[in-house]
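Shown next, in structure tokens, is the structure this report addresses.
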Amino acid sequence: MVLTPKERMRAAEEAVRQLRESLEGVGVTFPSLDVDGVSAAGTYGLPLVDLGRCNLDTALRLAAVLHERAGA
């Protein structure tokens with residue numbers, strides 16, 4: 001199946017929305033979470049999701065959540 005550029009962008013934006021909601025649900029916020037503009041401009045494959053940079057507190061909270069989920 002080949003997606004149009006508009007469909008590719010919608011799919012990437014939806015992925016970002018879902019990821020943001022899931023992260024917020026466990027108390028983690030990536031301020032820079034977004035669709036990568038450079039890959040979105042391309043015509044091959046799906047755009048990349050840019051997780052962005054985060055501070056030490058966010059990194060440690062994310063690690064704790066992942067560790068907790070892995071043990072469940």
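Tabulated data for the structure shown
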{"read-out": "Yes/no for S39 being at pLDDT 90 or above and polar (S, T, N, Q)", "value": "no"}
{"read-out": "Count - residues of the stretch 1-17 that are free of Cβ contacts under 8 Å to residues at least 40 places away in the same chain, in a loop (DSSP other than H, G, I, E, B) and hydrophobic (A, V, I, L, M, F, W, C)", "value": "2"}
{"read-out": "Residue check for E14: surrounded by fewer than 15 Cβ atoms within 10 Å (Cβ to Cβ), under 16 Å from V65 (Cβ atoms) and acidic (D, E)", "value": "no"}
{"read-out": "Members of the stretch 31-56 found to be closer than 16 Å to A11 by Cα, part of a helix (DSSP H, G or I) and open to solvent by 100 Å² or more (accessible area, probe 1.4 Å), listed by number", "value": "V38"}
{"read-out": "Flag for R20 being in a loop (DSSP other than H, G, I, E, B), open to solvent by 60 Å² or more (accessible area, probe 1.4 Å) and of a type in the set (D, E, K, R)", "value": "no"}
{"read-out": "Residue selected from the stretch 1-10 under the condition loosely packed, with under 15 Cβ neighbours inside 10 Å and either among the basic types (K, R) or modelled with pLDDT of 90 or more (or both), by the criterion nearest to L48 (Cα to Cα)", "value": "R10"}
{"read-out": "The stretch 57-72: number of residues that are assigned to a loop (DSSP other than H, G, I, E, B) and surrounded by 10 or more Cβ atoms within 10 Å (Cβ to Cβ)", "value": "0"}
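The values are calculated or read from the model by the stated rules, or taken from the named source; none is laboratory data. Given the structure is predicted, the values throughout are model-derived calculations rather than measurements. We place every Cβ from the backbone using ideal geometry, glycine too, and count neighbours over all the protein chains shown. What goes into the accessible areas is simple: the full protein's heavy atoms, side chains included, and nothing from ligands, DNA or RNA. Shrake-Rupley method; radii C 1.70, N 1.55, O 1.52, S 1.80 Å.
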